[in-house]
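The structure under discussion appears below in the form of structure tokens.
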Amino acid sequence: MKKRSIYCLLVLIASIASFSLNAAVEEPAEHAAVKHAIEQSIGWAIEKDFEAMYCLWADDLLHFWLFSDSVVVGLEAMKKHSEQWRDPDFRGTRFEFRDLRIVFSRTGEVAWYSCYLDDCYSFKGKDSCLKNVFQTGVLEKRDGRWQHALMHGSYPVDKIPEAYVRRFYSGLFEKEKSK
């Protein structure tokens, strides 16, 4: 009976501790901070605030965005990769996240998310938009700041925009016809 009482007490303590951790994770302030970091990972381009963008990335980040030449590992590599956006003819114009889903780890120090994103920009006076990109990512709270450790953007194979299919795959179809 004594062992059972001790076991029940331990289960009760573990339940209370687990509830406390989960309650901390659900804090609206943390959710808002993660949401802001996600939004600014794209939104920085409107003001072209590179320093603000760099603060959003962890030193050991992994970034993969749509094309194979966008694989970036580490903050220093991201700084080099981002030089292309310094062009005065480039400017972010608007963005929209839809179906943003944020989930926190039990400790509340890690959050992962998924959403559909429209990322719109202007280059040399021509407006363009990456629409319905499926974006996922992982953020970790480091030194009191939420930072991206991973960001990935892709199109589901059945949703690849026609312009990309024509640009990257037209040669495949031409080869099939010539056989």
Could you count how many residues in region 77-107 are within 18 Å of the chain's Cα centre (by Cα) and either in a helix (DSSP H, G or I) or of a type in the set (S, T, N, Q) (or both)?
-> 6
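Just to check your reading of the model, which residue among Leu130, Leu172 is closer than 23 Å to Tyr54 by Cα and at pLDDT below 95?
Values: Leu172 fails: closer than 23 Å to Tyr54 by Cα.
Testing whether each residue is closer than 23 Å to Tyr54 by Cα and at pLDDT below 95 leaves just Leu130.
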Answer yes or no: is there a residue in region 137-154 that is farther than 18 Å from Glu30 by Cα and either among the polar types (S, T, N, Q) or not in a strand (DSSP E or B) (or both).
-> yes
Given the residues Lys126, Lys131, which is the only one that is basic (Lys, Arg) and in contact with an Asp or Glu (Cβ under 7 Å, 6 or more places away or on another chain)?
-> Lys131
Which residues, counting only those in region 69-80, are surrounded by fewer than 16 Cβ atoms within 10 Å (Cβ to Cβ) and within 19 Å of Gln135 (Cβ to Cβ)?
-> Asp69, Ser70, Val71, Val73
Which numbered condition trips up Leu66, out of (1) modelled with pLDDT of 95 or more; (2) touching a Leu at 6+ places or on another chain (Cβ under 8 Å); (3) under 27 Å from Lys131 (Cα atoms)?
-> (1)
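Quick one: which of Leu150, Leu117 is buried (at least 18 other Cβ atoms within 10 Å of the Cβ), within 11 Å of the chain's Cα centre (by Cα), under 19 Å from Phe64 (Cα atoms) and among the hydrophobic types (A, V, I, L, M, F, W, C)? Let's see the steps before the verdict.
Working: Leu150 fails: buried (at least 18 other Cβ atoms within 10 Å of the Cβ).
Being buried (at least 18 other Cβ atoms within 10 Å of the Cβ), within 11 Å of the chain's Cα centre (by Cα), under 19 Å from Phe64 (Cα atoms) and among the hydrophobic types (A, V, I, L, M, F, W, C) holds for just one of Leu150, Leu117, which is Leu117.
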Can you name the number of the only condition in (1) over 24 Å from Glu76 (Cα atoms); (2) acidic (Asp, Glu); (3) outside any helix (DSSP H, G or I) that Asp119 fails?
-> (1)
Taking only pairs six or more apart or across chains, which ones have beta-carbon atoms under 8 Å, a first residue in region 132-158 that is on the phi > 0 side of the Ramachandran plot, and a second residue that is modelled with pLDDT of 95 or more and of a type in the set (D, E, K, R)?
-> Asn132/Asp118
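Do we find that Asp127 is under 18 Å from Pro161 (Cβ atoms) and out of contact with any strand residue (DSSP E or B) (no Cβ under 6 Å at 6 or more places or on another chain) in this structure?
yes
Of the residues that make up region 133-140, is at least one hydrophobic (A, V, I, L, M, F, W, C) and either in contact with a Cys (Cβ under 7 Å, 6 or more places away or on another chain) or more than 21 Å from Val34 (Cα to Cα) (or both)?
Of all residues in region 133-140, those hydrophobic (A, V, I, L, M, F, W, C) come to 133-134, 138-139.
Still in the running and either in contact with a Cys (Cβ under 7 Å, 6 or more places away or on another chain) or more than 21 Å from Val34 (Cα to Cα) (or both): none.
Within region 133-140 (the criterion being hydrophobic (A, V, I, L, M, F, W, C) and either in contact with a Cys (Cβ under 7 Å, 6 or more places away or on another chain) or more than 21 Å from Val34 (Cα to Cα) (or both)), the answer is no, since none of the residues qualifies.
The values are calculated or read from the model by the stated rules, or taken from the named source; none is laboratory data. Since the structure is predicted, the reported quantities are computational estimates derived from the model, not experimental observations. Note that each Cβ is placed from the backbone with ideal geometry, even for glycine, and that neighbours are counted across all protein chains shown.
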